[in-house]
Amino acid sequence: MTGRTRWRDAMATADRLTEGDRRTLHQLTHLPLLWEGAIEQLSGAPSGSPTYPRLARLRDMGLVGEIYPALRAGKNPGLLYLTDLGIATLAIDRRVEAAHLARRARLRGPDLLDRLLTLPHLLAAYQLLAALAGAPGERAELLAWEQPWRGRVRLPTRKAPVTVELPAYAALSWDGRTAELILVPDLANFPLRVYRPAIGVLQARRRVNGATPPMLLIATTDDRRSGWMRLLDEVARSRRGAPLDARIVTWREPLDDRHDLDEVTGAAGPTPAVYASDLRLRPLDERRPGSPIPRPVGSVFNPDSSDTSLSRLALKVSPVERVLLDLVGRHPFLTAESLPAVLGWETRRVRERRARLIRLGLVRLLGKRERHWSSPSDLTELTTDGLGACRSAIDKGLSMRQQDGGRQAGRAG
């Protein structure tokens with residue numbers, strides 16, 4: 001379509017939607033930046049199903065956009081999101097306000113850019129959800145999704161309610177059987193102790209309220225699995241209760257060994273409590289067909305944009321450079337000779353990657369006046385933007401706050 005898109009265009013595309021189209025648009029409303037393979041897994045469709053042709057059709061209709069961030073070496077999957085026309089079309093189909101839908105579901109351009117700061121954590125949660133949905137070999141229905149998940153509890157030792165925040169919550173149903181889970185994708189980016197306050201509040205919530213919280217599904221590395229088991233046991237002992245209902249899987253298991261995931265789905269019950277909050281959306285007001293649709297997404301992913309925000313920089317950082325950025329954040333003032341020794345990389349490769357991070361404004365070398373005269377000339381540290389990128393990845397990954405008139409009582413990470 002050329003020129004400014006009008007409501008008549010959204011009305012015309014809404015009339016062309018199939019049930020499969022609606023299901024896919026609904027998924028992308030709750031799970032923006034999802035990839036094609038995960039959509040197929042979540043739909044419960046067999047291999048060779050019309051998922052891929054349907055997505056191609058939605059792209060051709062202008063309802064779905066796609067970006068290709070550098071997440072790993074080699075070819076990366078495209079991450080899908082609703083365009084302005086996609087949001088308006090869905091609003092027409094569901095008879096809700098488009099701007100309100102985009103704001104409440106966090107589908108606006110700034111919201112999508114904000115998700116890019118923690119993209120590895122977001123996609124890890126999606127990977128865990130998709131593996132869980134496909135575990136029983138039946139078609140799964142996503143009843144509720146909240147990312148991040150926040151729960152409130154009043155503790156006898158606190159005057160104000162405590163809000164606990166964990167990466168994600170999902171309620172899934174397979175042929176009437178429902179499982180509710182809190183998903184914790186652990187990428188081993190920070191110590192396990194940052195999870196302790198949140199796990200402790202969940203433990204206390206069960207003791208105070210007497211309600212059974214959703215099952216914890218933790219995906220972690222092989223080396224940290226035993227550490228997670230110790231953490232759950234220690235928190236239970238400190239709170240004088242039984243450990244929380246939890247399943248711990250390693251990242252290779254969702255693909256290679258589904259035994260633990262089968263246990264999760266096998267324990268699914270008939271009725272959900274649904275701990276997630278619903279999107280309460282305003283009904284759609286009458287629109288003139290010739291008036292322009294809102295543009296909550298806009299040209300946020302335009303490659304010619306002059307925006308240099310941290311979120312946009314996250315699109316340009318490769319997986320290898322993320323590793324280097326994380327190392328410099330943890331251990332500043334390493335030299336170009338020390339970095340390869342720690343990482344096990346070639347010196348030339350480290351210099352090339354470091355030079356690119358310097359050009360992106362995420363890493364800097366100390367100046368002459370900032371170092372001792374006998375120190376090496378290439379001491380490396382993060383810039384303010386580099387610190388912000390690393391800090392955001394931790395803060396958005398997990399936090400625990402006490403709501404007390406806007407005052408933050410505690411924060412992990």
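The values are calculated or read from the model by the stated rules, or taken from the named source; none is laboratory data. Just so you know, these numbers come straight off a predicted model, no measurement behind them. With ideal geometry, Cβ positions are generated from the backbone for all residues, glycine too; neighbour counts draw on all protein chains shown.
For the structure I just gave you, tell me whether E97 is surrounded by 16 or more Cβ atoms within 10 Å (Cβ to Cβ) and at pLDDT below 90. Here the answer is no, as E97 does not meet what is asked.
Here the helices (runs of 4 or more DSSP H) wholly within the range 286-353 that include at least 2 residues being of a type outside the set (A, V, I, L, M), modelled with pLDDT of 80 or more and in contact with a helix residue (DSSP H, G or I) (Cβ under 9 Å, 6 or more places away or on another chain) are 319-330. G78 meets the conditions (1) without any contact (Cβ under 8 Å) to a residue 60 or more places away in the chain; (2) surrounded by 20 or more Cβ atoms within 10 Å (Cβ to Cβ) in every case but one. The failed one is (2). Screening G137 with (1) modelled with pLDDT of 90 or more; (2) of a type outside the set (V, I, T); (3) surrounded by fewer than 20 Cβ atoms within 10 Å (Cβ to Cβ); (4) farther than 30 Å from G386 by Cα gives one miss only, at (1).
What residue, among those in the range 227-245 that are in contact with a helix residue (DSSP H, G or I) (Cβ under 6 Å, 6 or more places away or on another chain) and either among the polar types (S, T, N, Q) or outside any loop (DSSP other than H, G, I, E, B) (or both), is surrounded by the most Cβ atoms within 10 Å (Cβ to Cβ)? Here the residue is V235.
If I filter the range 184-202 for residues that are surrounded by fewer than 18 Cβ atoms within 10 Å (Cβ to Cβ) and in contact with a Pro (Cβ under 7 Å, 6 or more places away or on another chain), do I get at least one hit? Yes; the residues of the range 184-202 include at least one that is surrounded by fewer than 18 Cβ atoms within 10 Å (Cβ to Cβ) and in contact with a Pro (Cβ under 7 Å, 6 or more places away or on another chain). Take the residues in the range 170-183 that are touching a residue at least 40 places away in the same chain (Cβ under 8 Å) and in contact with a Lys or Arg (Cβ under 9 Å, 6 or more places away or on another chain), then tell me which one is surrounded by the most Cβ atoms within 10 Å (Cβ to Cβ). Looking at the filtered set, the residue picked out is L181. Restricting the range 354-380 to residues that are within 33 Å of the chain's Cα centre (by Cα) and in a helix (DSSP H, G or I) leaves a set whose member that is surrounded by the fewest Cβ atoms within 10 Å (Cβ to Cβ) is R359. In the range 236-248, the residues that are in contact (Cβ under 8 Å) with a residue 12 or more places away in the chain and farther than 17 Å from L216 by Cα reach residues that are aliphatic (A, V, I, L, M) and surrounded by 13 or more Cβ atoms within 10 Å (Cβ to Cβ) with C-beta atoms within less than 9 angstrom, at least six apart or across chains, in these pairs: R239/A204.
Of the strands (runs of 3 or more DSSP E) lying entirely inside the range 151-226, those containing at least 3 residues that are under 23 Å from the mean Cα position of the chain (by Cα), among the small types (G, A, S) and in the same structural domain as A242 (by TED's automatic domain parsing) are 168-174. When the range 91-132 is filtered for residues that are of a type in the set (K, R), more than 17 Å from E146 (Cα to Cα) and under 12 Å from the mean Cα position of the chain (by Cα), nothing remains.
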